Each structure stands twice: as C-alpha cells, then as structure tokens.
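Each value in this text was obtained by applying a stated rule to the coordinates, not by laboratory testing. Please read these numbers as outputs of a predicted model, since none were measured by experiment. FYI the Cβ positions are ideal-geometry reconstructions off the backbone, even for glycines, and counts take in every protein chain you see.
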Number of protein chains: 2
Amino acid sequence: MSLIRSWVESANLAEAEFPLNNLPCGVFSAEGEEPRCGVAIGSFVLDVTGLEEAGLLVLEGGPLLDVPFWNEVMEAGPEVWAALRAQLTALLAEGADARDAVEEHLFPLAQVTLHMPFLVAEYTDFYAGRHHATNVGTMFRGAENALPPNWLHIPIGYNGRASSVVVSGTDVRRPWGQLKGPNDAAPRFAPCARFDLELELGAVVGRASEGMVSVAEADAMIFGYVLLNDWSARDIQAWEYQPLGPFQAKATATTISPWIVMRAALEPFRTATPPRELPLLPHLQEPGPMLYDIALEVGLTPEAGSETVIARTNYREMYYSAAQQLAHHTTSGCPMNVGDLLGSGTISGPEKSSRGSLLELSWGGKEPIEITGGQRSFLEDGDTLTLRGHAQGQGYRIGFGACAGKVVPAHQNPSGAGR
Amino acid sequence: MSLIRSWVESANLAEAEFPLNNLPCGVFSAEGEEPRCGVAIGSFVLDVTGLEEAGLLVLEGGPLLDVPFWNEVMEAGPEVWAALRAQLTALLAEGADARDAVEEHLFPLAQVTLHMPFLVAEYTDFYAGRHHATNVGTMFRGAENALPPNWLHIPIGYNGRASSVVVSGTDVRRPWGQLKGPNDAAPRFAPCARFDLELELGAVVGRASEGMVSVAEADAMIFGYVLLNDWSARDIQAWEYQPLGPFQAKATATTISPWIVMRAALEPFRTATPPRELPLLPHLQEPGPMLYDIALEVGLTPEAGSETVIARTNYREMYYSAAQQLAHHTTSGCPMNVGDLLGSGTISGPEKSSRGSLLELSWGGKEPIEITGGQRSFLEDGDTLTLRGHAQGQGYRIGFGACAGKVVPAHQNPSGAGR
C-alpha cells in the first residue's frame, strides 16, 4: 500500500498524519458554530456533516452525520463504514471532479475546536501488556509473584468509568483521595501525590453483540482506534485496590485523541501478537494477526518549559489484542454496545525508555527520570502530557493527532456541590 | 406517618405493597401497546404518561413522561419529584374529585408487562455489608485476613456493567467462563458450576454532579431505590478477580425490581448505620440517619417445585449507606450522571439464615442448605430466585414488587455471532 494522493496538498507530505489513506473520524466546531462531524485530511478538517447535507455524501439509512458524534455511523454497520471511505476517497483524490464543491467544506485544523468524537457507552480497561504487568507486579508483589497466575490465560480487565472519558485538550484536575502509606498509622484525605499517566490505545466498539463472540467476530466489531491516556492516582490505587480492583484511582479522567482511526486505515499494519508463553484455550486463539505496528511516544512539557519525550514504544508489544479482549469480554454473555471503549492496558516495551507510565519509568519514584530543566517521579501541577502515535507506510503515515492533557492543581477544598 | 387512604381500595389493604404512600415509578405495557410510564397503586398501574397527555398531571418543563423511562423526570430535579408525588396523591386520595377522569388510566397489574424503569447510565457495585465481607473474606482469605485493611475506612466498590442490568422476569442464562480449581493443572472453558445470587438494594442517582459532593448532597441526589440481584459466577470470579477485581463473573446479568421506590416514600423509615468500629474521615461522616429499615427476603423455587425462603435480612444491616457510597464515588472528581445505579453490596445479617448469597448460606458449598424437595449449594438450572422487600409503617407497607429471575441452562456451544 502506498500513498493515495489528494488534491489537498498538505495530505501528501511524507510526515502528514492525515493523508487520504487515513480519513479519521472526529467532531469539530468552527468559531461560534455548533459541533459537527469531520474527517481530517492534511492540515484541514472536512465537514462531512455539511457534505451529507449538500448531498455530496450519501450513506445508506442516512442522514447519519446530523448529530455531533459518530455513533450513528458505527451503528449503521461495516458496509456503511466502507461506503463512507470509498466516497470520501473519490471526492478527495487527486483530479477529483468534485473538488470545487468539496473545497468549501474544508476548515483549517488550526482554526477549529475538537470535541469528543463519539458517545462512550461503557469503558473497560485492560492489563494486557507483558512488560507493564511484569514491572508493576514486581513493584507491588515482588518479582516472584509479578505475573498473577491467570495472566497468561486471560486478558485481565476491569470496568472503568465512561463518564470520566474526555477529549484531548481537556485539563485534568489533580484528584483528592483517601491515602495511606505503608508506614502511616491511619488513612488521610488529601490530594494525590503520585499522579501518573498510562499510555494506551483504545478500541472503539462499533457493533453490538449478545452472547459470546469469537476473536474473528470481535475484530470485525471494532470500528477504530484512539490514543488513550488512563490517568492514574497511584497512592489512591495502592490503598483502595484490594480486593475489588481500581476504582477512584482511575475515575478522574481518561483522555482520548480527537480522531478515531478506522480499522480499515490500519489494515496494512497488522502484525501478530508475540509468541504465546503458554497455549491459550481455543476461544481466545487468534485466526490471524490482530495487533498493529503503531509507533507511540509520550511527551512531558512542564509549565513554561519545553517538551521531553519520556517514552517511545509500539502497540505491537501487547500480549493480547483488542479482538481477544473483546471476545473475552463477551464470554459471560455480557452484552456489548456501539460506543463501548476498550483500553488496551499500558503499552510498555522491554527497554527502560519504552515504559508507558511514570510508575515504571521512575520505578515507583525510586529512580526519578531526567527531563529538560528538572526531574520527575510523578506528575507535577502544570505538566502537560502529549501522547502521539502513527503507523508508518511506504511514504505516508497514519496518525492519530495529539492526545494531550494538562495537570491543574487540586481544589483547595474538595467539597463541592451537585450540579 | 400512617396510611393515606385512596379510592383505589386495593391500595388500602394492610399488606398491599403499593399504598398511596408509595407511588413507585415503573414502565409498563398493556397487551399490544407500546411501553409507557406508570406508577403502582394497589393492584393497578396508573398510566402517568396518559395522565400527562390528558393534562391531569402537569410537570414543570414537561412533557417528561412521553418516553418509556423515568430519566427525564429525574433530570427535572427534586421540585418536580415532589410535585409529581403531590399531584398524584391529590388525584388518588379518597374522595378526590378527579376519580372518574383518573380511573380510566388504571390498568390491572396482572394484565400488563413491566419493563426497565430507567435507562442505566453506569452501574457501580459495592461491598459494604460487614457480615457479608467478613463471611466472604473468611472463606477466600482466612479469618485473620477476612476484612481488608481499607474496609472500615472506605466503602469498597467496583464498576460493573450497565449493559447487563435487566428487569425482573428476565431469564438469566448460566454463563460460560474460564475456570481453574485449586487442584486443576490448567484452566478450562466451561459453564459456571457455582452460580449464585447477591441480595442487594440499588440506589438510582437522579442528579448529576461534577467534583466532589458531601454525604448530605449525595443523599439529596438519590431519586430512589430498587431491589437488586447481582448474579455472580463464583468459580469464574475466583480465577479472574486478582489483581483487578471481578469482571466476567458479574457481567452476565443484574436483575432489578420493576419499581423504583422514591426516596420520599422511604423517609419515615430512615435509620442510622451501625456504630463505627473505627472513626471515619470527615468527608464520609453522615449528618443524619442514611439507611432505611427495609425487611428483605429471598425465595428459591426449583423448576416445577415450590418456594423456600432461603434468607431473611434487613437493609439496616449495611455498614455504609448509599449516600456514603455516592460521596466516596465522587472523591476523585468522577462525574456522576442521571441514571447511575449503585448496588449496595450483599445485605447479610448476623444470623446464618440472614445471609444474602448461597456462597455464604452453604459456606462455599461445604454445607448445602435444605429447600423443599432438595438441597442447594449453588443455583441449578430451572431455579427461580425472587427477592422481596418492604418497609413496615403503621398499618401500611412500602413494597418494591418482586425482583425475580430464572436460571436457564448454559448454551451447548457458547460461540455465537454479533447481532
């Protein structure tokens, strides 16, 4: 697969995140206007709500883009997903007759505000990276018990909080929580002192299911992927997580990239999960390559400082794919719905520089990392985290856009009122 | 508080679940008709959607009852909740002038189908009963480690799966799952062999929040309560729950009663949580009594058999109230939304006969309980579980209606297809 050239010249640059091969789905607003659905192309967003209104884009069962979220397109199913891509490709390809009509629906990305691209139905987060699980397990339970006995048999997951999911650019307020250090006599209620990120990829479920689905069926249910930062309060987590898992430690915010990269755009980058250390039971075995080769990095920018890239890794490091996670999610008969979001789990690689959380990078705070102008064990107020990711094709890239969030100080007095 | 007499004679009987004092909120359909909002009164359901259409019920910001769920009424806020109760009380009270006009909107409960009373936004389940936590902890971790160190300081909770919540009367299919007994060399994929219930009360959140709320504010956010059966696959849970908590073990189904009993109807039955064994931090302290005196029971009816009541307990046994749970839920800044459902956790009392799960009643299967015509350690196919609950006033009761579900056999072959 090589670059599909577009009459939008900025989409043809080798380092462009949004070539015609990509066509990621977002929601944007121009100044003073209501949010609309858009697709990124080069340095522009194409107003696909406007295209559909103008009759330039015709989707079966439409209008599907008359709402500021992509759930209706997802609900319409894979044939509509394919039709959308085919029509947009024809409209935007070099030499397209429709250029003049389409061009008036382009807005410079620099001049729009991006919003949540879809309504999150429910959010599940996994713990499916071998290096991350080993690192964290070693810190929390010792090297001998690092990997729980079930870890090589099922993708361990827990339900997160959909209401906490926010789009890139949303400030993240340092949470309060109940904390108790190992040497404290009693717990106290205080702002989190070990606030952290988790570098993840999120899979967006585009088809509902009832009853159990196979790994192949699960793969076909996935509409696309987003970058995802699972903000984590490590001190709150340490005190609360036994016996029923993380709860408030993960409920402050989960930031996603503004663009959903459709599964179709990632097809050329499929790659297999690593060799199994123990054979999986048949219902979790993969019929083909289900991961993607997506280079990922995390930048940390202190207030009024410059960015340091603190981690570089790749989605192919995961032990379990999103398709395996989704299949496992349905084993109990759990109904899945359009708009469900599955976090991959932290994507750490084998090197120290490829660890996807500060917990791992600073080894629980014992080995602070160097950044431009300082050190970090955990996040400080004013720090901005920026996740980036792209798949590298022959002369083109498939990017996600930045997934950024800034840590703002905890409230002085946490007690507020209901809305 | 005594009985408010109604011209609906069946509402005035001492054992009626739905006297005029109650007015619980549900959704019903008459044969061949679309679902509508209804309120139970005596042996009837009052079609409040019809009342609003006819102009007999006028709610600020209405129509609010033109959809088959109560979320819009909740969203409208406490003044509307109070106005609804006041208007319905006036319309249904003995001697009401409107009797003739209202009477045509009554449908015999025996002739209607009941549906989910509200759209569940997200579902959280707690572990907040002292006796239950002690019993389960003793079985899983030994008597010395029965109560986790955090248990007396925070209401332990985990996020459940909203898509699994179903209304009373829905069959519950025995799940498959990955299982590994303590003596098994490897896990296997098989139908759950230790399928169980958990007797709980569910709190329905009727107001959204951003930021942390106090216990008093949390109490005011609660619209009402339902009975809740948190179906649990104990063998799946035992294998999966470390380190991140229950996942597929709790995702098959969660059954709720068809009626939401509004908080206002329960006011006369407020009672305090038990004395604190350790003082709570200020943000979790209660400004007044936040539990309710609600007698609860569980009936088990085998296929073609007769019912045995296997447990009798009371909601006042909980260590933490729903208001405390909701306040804790917001400590991290987690946004709460209209339609969020909070399960109380299993409500076990101090006696063996007051345990709210078969896991406890049969002590992990070691001491099967006697039922009419047999024994039970865990649930068998064909078993119907019926949860009931009521608060007992002076000559009247506030009931919830039955919360029932029947266990149907596992699929022969679990692999199905996406919808």
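Quick notes
- R0 of 30 Å, Cβ-Cβ distance B:THR271-B:GLN242: FRET efficiency to nearest 0.05: 0.25
- Counting every other Cβ atom within 10 Å of each residue's Cβ, A:ARG5, A:ARG194 order from fewest to most as A:ARG5, A:ARG194.
- Over segment B:42-199, relative contact order from alpha-carbon pairs under 8 Å, at least 6 apart, %: 18
- Over segment B:9-115 - Rg/Rh using Cα atoms and the Kirkwood inverse-distance radius: 0.93
- Spread over its residues, the convex hull of the C-alpha atoms of segment A:349-388 is 81 Å³ per residue.
- Prolate/oblate/rounded call for segment B:231-355, Cα gyration tensor, a/c under 1.5 rounded: oblate
- For segment A:226-282, the set of trypsin sites (Lys or Arg not before Pro) satisfying both a DSSP loop assignment and a count of at most 13 other C-beta atoms within 10 Å is given as A:ARG276.
- Neighbour-count order for B:SER344, B:SER6, B:SER354, fewest beta carbons within 10 angstrom listed first: B:SER354, B:SER6, B:SER344
- Computed over segment B:9-115, relative contact order equals 31 percent, with contacts defined as Cα pairs under 8 Å that lie 6+ residues apart.
- Rg and Dmax over the alpha-carbon atoms of the protein assembly as shown stand at 27.3, 83 Å.
- In nm, spacing of pseudo-spin labels at B:ASN413 and B:SER353 (7 Å Cα→C-beta vector): 4.9
- Mean separation of Cα contacts under 8 Å (6+ apart) over length of chain B, as relative contact order %: 21
- Reachable lysines, given that their alpha-carbon falls under 21 Å from the alpha-carbon of B:LYS406 and they are not under 8 places away in the same chain: B:LYS250
- Degrees between helix B:78-92 axis and first principal axis of chain B (Cα, 0 to 90, nearest 10): 60
- When the P(r) is computed for chain A, the part past 32 Å accounts for 35% of the Cα-Cα pairs.
- Distances in nm from B:GLY77 to the matching label points in the other copies, shortest first (labels 7 Å along Cα to Cβ): 4.4
- Approximate shape of segment A:138-266 as ellipsoid semi-axes (Cα gyration tensor, √5λ), whole Å, largest first: 31, 21, 12
- Counting other Cβ atoms within 10 Å as a rough exposure proxy, the listed residues A:HIS132, B:HIS283 run B:HIS283, A:HIS132 from fewest neighbours to most.
- Other residues lying with their Cβ under 11 Å from the Cβ of A:ASN135 contribute a combined charge of +2, Lys and Arg counting +1, Asp and Glu -1.
- Cα centroids of segment B:287-341 and segment A:304-358: 35 Å apart.
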